[in-house]
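Step one of this worksheet: look at the structure below.
Every read-out reported here was derived from the displayed coordinates using simple, explicitly stated rules and does not represent laboratory data. Just so you know, these numbers come straight off a predicted model, no measurement behind them. Cβ placement follows ideal geometry from the backbone for every residue including glycine, while neighbour counts extend to all protein chains displayed.
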Amino acid sequence: MADSRFFTVAGPFALEALAGISGATRRDESDPSALFVDVASLDSAGPQHVSFLDNRKYLDAFQASRAGLCVVAPAMAEKAPKGMALLLSDDPYRAYARIAQAFYPVLPPEPWQAPTAWVDPSASVGEGCRIEPGAVVGARAEIGRRCRIAANAVVGDGVVIGDDCTIGAGATLSHAVLGHRVVIYPGARIGQDGFGFAMGPQGHLKVPQLGRVVIGNGVEIGANTTIDRGAGPDTVIGDGCMIDNLVQIGHNVHLGRGCVLVSQVGVSGSTHLGDFVAAGGQAGLTGHLHIGSGARIAAQSGVMRDIAPGETVGGSPAVAMADWLRTSALLSRMIRRKR
Amino acid sequence: MADSRFFTVAGPFALEALAGISGATRRDESDPSALFVDVASLDSAGPQHVSFLDNRKYLDAFQASRAGLCVVAPAMAEKAPKGMALLLSDDPYRAYARIAQAFYPVLPPEPWQAPTAWVDPSASVGEGCRIEPGAVVGARAEIGRRCRIAANAVVGDGVVIGDDCTIGAGATLSHAVLGHRVVIYPGARIGQDGFGFAMGPQGHLKVPQLGRVVIGNGVEIGANTTIDRGAGPDTVIGDGCMIDNLVQIGHNVHLGRGCVLVSQVGVSGSTHLGDFVAAGGQAGLTGHLHIGSGARIAAQSGVMRDIAPGETVGGSPAVAMADWLRTSALLSRMIRRKR
Amino acid sequence: MADSRFFTVAGPFALEALAGISGATRRDESDPSALFVDVASLDSAGPQHVSFLDNRKYLDAFQASRAGLCVVAPAMAEKAPKGMALLLSDDPYRAYARIAQAFYPVLPPEPWQAPTAWVDPSASVGEGCRIEPGAVVGARAEIGRRCRIAANAVVGDGVVIGDDCTIGAGATLSHAVLGHRVVIYPGARIGQDGFGFAMGPQGHLKVPQLGRVVIGNGVEIGANTTIDRGAGPDTVIGDGCMIDNLVQIGHNVHLGRGCVLVSQVGVSGSTHLGDFVAAGGQAGLTGHLHIGSGARIAAQSGVMRDIAPGETVGGSPAVAMADWLRTSALLSRMIRRKR
């Protein structure tokens, strides 16, 4: 179903193979050798397509769907339309993700060094890399294997990049060390000076920013996001973090493993997040805070204090989520009374 | 008055011609053949300049102005200084816009393919295009006529661009189909993967993003704005939308015709806006919402529910504008009482 | 201590020289000829390193530090561990900044014009400039001495740049005039059209944007920040302003001297700031406001009215800081009572 100008579909895959790929359970009554050619949404799928149901809100679409195969939670199985084959999973979205990855695998890039790319003679580039037109690789940079440095991206002097990384079009890196399987989206800015200076009426005096940005394995960093290097210590992004577009990460910030920062979040300097912290869009965190593992921060929150592990907060200034909801409800009642 | 290093003025134009260009009404007593050489603000204009009054706040400046010609609402005519010629219009700013466009027309670009540009042999580029230094046009891309692909911009593989479009310096496009007369400002990122993955403590699993970004005619997309492609369906930007700088548009978002999104707005995935919706700066919309045509969203609002056509909302969480104003007034009274 | 792949340390410096460099006072009992080789944080420093104490919060780290030399306020001197030499200053962070600048000086760039750079024959480039790979310098542009135009940066037609400026990787300039010692960080967008059009149901009509961006001396502009040119008047950034990443500055905005705008701030069109105004992260200012010199705006504030010189405001809509704190405290009490 995807536009063939932009996407190439693999497959077809037999039902039995898709069960193996997804880790979902096949029901006995379906034909294990039935072939499927693509993934599709519930409302656009046909008999040769695989779809999924993850949100009860789409139950009607599920019951009306013509999809040949659907990944669902076991409790939904009895609601399936006649003739639809099912794969059962306690986490249907995750199982579906594996199937969609099979149909649309991320392939290693086609090796190339474009004539208009610039690779400094002192840089080292691993085997299987693709350096696209206008890309620049600086002095002493070290790039691993099977990396794609997209058009007009810039890898600064001395930057280290692991294997199987993608540096998006127009993105720029400096003073940075990246792990494996890192994806930097177009226009992200990694490693520039942090916002550090001694303020004063006689003029603000710049403080040299002497740290780096250290990025773990399997990290994604969104389009036009900015991550400043440390002032002395490093700025650190842990393994598996997912950072959306237009996010700001200040100097000396540490993110643990698997943090999720939605678009336009800002994290001020020297704030440390534990593992699997999630922050909604446009949330802001002031500097020098400690945010415990598993904490959740609502969209547009303004966090000005430490947050305990697992705590959920909202509002600006951010308070416990229950208190924020209570405040909104209270204000709503008060103005209604006043009318 | 504009700096000639950057702007070239057309003209001069006679009063009668400016009446025709603007659609405004000339008063009988003025000389139709009087010539004007440029536009200028009320306070800097001289006898050969055209100015306008759109906001009563500037009435004093109008009455003190030396402008030879001014576009005003009919009700303002009697307040004009002696000797100033007038063009009368119910929408003076719009009439002035047409006159300013006549003095500073957007000309088709001077055709060129810079030696340091990279155009893939399989791409098609229409007549009259300008491909500036360092610009990159990918495989099978299709570019219409009279387009300007500015310095270091990147048009990804398979991208389709209509006629008379400008892709600003350093902007990047992928997985996108653009109409005619689209202006992409410098550094905008169009078509990268949306923020879609199955979260989980064993790691977040990326879901392939299989849609596109489809942009209508006459759209402007601001500097460093990011628009992610759809996850399966497309992300759609309707005809005539005006999107400011640093705006985030998530995957599967639909904007109808003529929407106006001010700087730093964020629209989360799968939210649909009708026609002529306006959102003030830094407003945020969560995902999967329906915003009716003509709705107005105040700056910094946090929209977490559907909005009816024509409704105006403010606050975070956003409520009806009147309620938001009432809440602010109530809180202000309460703290004053407590002092 | 800094990673030698990215930083080169100068020195060593004798204690007496560091006293002179920093303007801080040396105590008699220390050896003026003792040599120091680098700066370091209190907890990582050794006997050959210089550190500083600026925040009482780090008093424990100071007392446990093995730093050979530390810059402190006079009142802290008696708390120093035995054997640590001291430099005394009323502004230890500023004194330290000068010392760190001595160890890590900003050197003029190594002159170069990369073979893949594009410099229009009509442009003028001063002596000692470095034009890196993929950088583009447009027609009639004028670049001063010892400037660095980093990889894939774009200096548009007619743009004027003073001496000792850095234009970061992938940044783009148009319709702009810059002073000396300006640093533009990677991906910043300077001088594009402002968001100016006559709105209407028959379509929004673009108003030509005929001004420039005029930037003073010693200004820093953060990564992916956007500054639109004026609509007729200029957009003006005063001497010594420090602007962080992802900030939006609308058309016709004026910033006085030494303003500090933290990341993700937005300033709407035609708003004027005096000197040394400071705005916290994600604050937003609507258009046509006057913000007095020395005003302070808290993070995430929404400023919708003029602010007097020296006033401090917070909240959205922003009110006097004391009122904002009072409101938060009142709401907190009210929901506690309701439980």
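Here are a few things to note about the model shown:
- Amide H to amide H distances under 5 Å link A:Leu86 with A:Arg27, A:Cys70, where only residues 5 or more positions off or on other chains count and H is placed in the peptide plane.
- Rg/Rg_ref, chain A, where Rg_ref = 2.2 N^0.38 Å and atoms are Cα: 1.19
- Charged-residue dipole, Cβ positions (Lys, Arg, Asp, Glu), the stretch C:181-339 about Cα centre, Debye nearest 20: 840 debye
- Theoretical FRET efficiency, 1/(1+(r/R0)^6), r = Cβ-Cβ of C:Ala329 and B:Met304, R0 30 Å, to 0.05: 0.75
- Out-of-range pairs (alpha-carbon distance over 23 Å; input A:Lys79/B:Lys206; A:Lys206/C:Lys79; C:Lys57/C:Lys79): A:Lys79/B:Lys206; A:Lys206/C:Lys79
- The distance between label points at A:Arg66 and C:Ser122 comes to 6.0 nm (points 7 Å beyond Cα on the Cα→Cβ vector).
- Convex hull volume per residue, computed on the Cα atoms of the stretch B:196-337, equals 118 Å³.
- Cα centre as origin, Lys/Arg/Asp/Glu Cβ charges: the protein assembly as shown dipole, Debye: 3420 debye
- Hull volume in cubic angstrom per residue (convex hull over the Cα atoms of the stretch A:1-115): 113 Å³
- Using the Karplus relation 6.51 cos²θ - 1.76 cosθ + 1.60 with θ = phi - 60°, the per-residue 3J(HN,Hα) values for the stretch C:249-260 come to 10, x, 5, 6, 5, 10, 10, x, 6, x, 5, 10 Hz, with x marking Gly and Pro.
- Phi-based couplings in Hz for the stretch A:88-98 (Karplus 6.51, -1.76, 1.60; Gly and Pro marked x): 9, 8, 6, 10, x, 5, 5, 5, 5, 4, 5
- Sites A:Gln48 and B:Gln48 - FRET efficiency at Förster radius 60 Å, r taken between beta-carbons, to 0.05: 0.25
- Convex hull volume of the Cα atoms of the protein assembly as shown, normalised per residue: 182 Å³.
- Ellipticity estimate at 222 nm from DSSP helix runs (n ≥ 4, -39,500 (n - 2.57)) divided over the protein assembly as shown, nearest 500: -4000 deg cm²/dmol
- Each part reduced to its alpha carbon centroid, the stretch C:153-201 and the stretch B:60-75 end up 33 Å apart.
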